[in-house]
Amino acid sequence: MENSTKTLLHIGCGTQSFEVLPPLDWAEEWRQLRVDIDPAVKPDIVASMTDMHMVDSGSIDFVFSKHNIEHLEFHDVPIALGEFYRVLKPTGFLVCRCPDLRAIAERIATKDPEEPLWVSTLDDGSRFEVALIDMIYGARSEIAGGKPFMAHRMGFTGESLKRHLASAGFEGADVFHNAQRMELLCHARKEEQGNLLYQVIRALKAPQA
């Protein structure tokens, strides 16, 4: 009997729990495959998002990337997005979150870049104050703690992110802006026709029994 379980590839998973992921049916319908460059977080696969050759092409239903692509060098962005595209099934989709460079630029014009905006919790449970400088250059506490790969080397606006996704081959992408968090949320489809994203959205919006 064919296995009907769908797979979510969690890029840069860290030690994050299922709480950061969409509320899918993890007990019956979905499984999580965790990928991270840091072996200390014990991912299923130790790899950079620019080289995931150990993940078969066309094997993934859902790629989830939360605040990862801003860590890439400019020239590595098409490589990573090409990898996201490669591993997805034709009906697969990408959900990507990253800082909104334009919103940050507008805020920094009137606010001290080191003034705290909110308190965030790291994977190890420690808490730190997030400022604009962290959103631009990366979380100071994590970089100081020996994780240079957490530095930010790239920035995106909604328009530039859609352009990069189109260049990688994605047929469609919608970008939503979270003004309060100065964050972009993107839904990208490998192929539009019959894309699984539309089924997932309908299921998440359906009233619960």
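The values are calculated or read from the model by the stated rules, or taken from the named source; none is laboratory data. On a predicted model such as this, the values are computed, not experimentally measured, just so you know. Note: ideal-geometry Cβ built from the backbone for every residue, glycine included; neighbour counts use all protein chains shown.
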- In the range 116-129, residues that are modelled with pLDDT of 90 or more and either assigned to a helix (DSSP H, G or I) or out of contact with any Pro (no Cβ under 6 Å at 6 or more places or on another chain) (or both) total 4
- Tally the residues that are out of contact with any Ser or Thr (no Cβ under 9 Å at 6 or more places or on another chain) and within 20 Å of Cys96 (Cβ to Cβ), restricting the search to the range 116-136. 3
- Message: For the condition more than 18 Å from the chain's Cα centre (by Cα), buried (at least 17 other Cβ atoms within 10 Å of the Cβ) and more than 20 Å from His75 (Cα to Cα), what is the one hit in Leu197, Leu184, Leu132, Leu204?
- Response: Leu132
- Task: Report, by residue number, each residue of the range 99-115 that is out of contact with any Ser or Thr (no Cβ under 8 Å at 6 or more places or on another chain) and part of a strand (DSSP E or B).
- Result: Pro99
- Counting only residues in the range 5-33 that are part of a loop (DSSP other than H, G, I, E, B) and in contact with an Asp or Glu (Cβ under 8 Å, 6 or more places away or on another chain), the one surrounded by the most Cβ atoms within 10 Å (Cβ to Cβ) is identified as Cys13
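So that you can scan it fast, the table gives a plain yes or no per residue for (1) modelled with pLDDT under 95; (2) in a helix (DSSP H, G or I); (3) under 15 Å from the mean Cα position of the chain (by Cα); (4) of a type in the set (Asp, Glu):
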residue	(1), (2), (3), (4)
Val35	no, no, yes, no
Pro43	no, no, no, no
Met54	no, no, no, no
Gly58	no, no, no, no
Phe64	no, no, yes, no
His75	no, yes, no, no
- Query: Here are some conditions: (1) assigned to a helix (DSSP H, G or I); (2) of a type in the set (Gly, Ala, Ser); (3) over 18 Å from the mean Cα position of the chain (by Cα). Gly146 meets all but one. Which one does it not meet?
  - Reply: (1)
- Task: Give me the pairs, please: first residue somewhere in the range 100-116 and touching a residue at least 40 places away in the same chain (Cβ under 8 Å), second residue anywhere and among the aromatic types (Phe, Trp, Tyr) and not in a loop (DSSP other than H, G, I, E, B), beta-carbon distance under 6 Å, and either six or more positions apart or on two chains.
- Result: Leu101/Phe156
- Taking first residues from the range 4-15 that are among the small types (Gly, Ala, Ser) and second residues anywhere that are outside any loop (DSSP other than H, G, I, E, B), the pairs with Cβ under 6 Å that are 6 or more apart or on different chains are Gly12/Asp36; Gly14/Val41
- Flagged in the range 78-97 as under 14 Å from the mean Cα position of the chain (by Cα), outside any helix (DSSP H, G or I) and crowded, with 24+ Cβ neighbours inside 10 Å, in numbering order, are Phe93, Leu94, Cys96
- Task: For Gly138, state whether it is out of contact with any strand residue (DSSP E or B) (no Cβ under 8 Å at 6 or more places or on another chain), of a type outside the set (A, V, I, L, M) and touching a residue at least 60 places away in the same chain (Cβ under 8 Å).
- Result: yes
- Would you be able to say whether some residue in the range 160-167 is in contact (Cβ under 8 Å) with a residue 60 or more places away in the chain, in a loop (DSSP other than H, G, I, E, B) and farther than 14 Å from Arg97 by Cβ? no
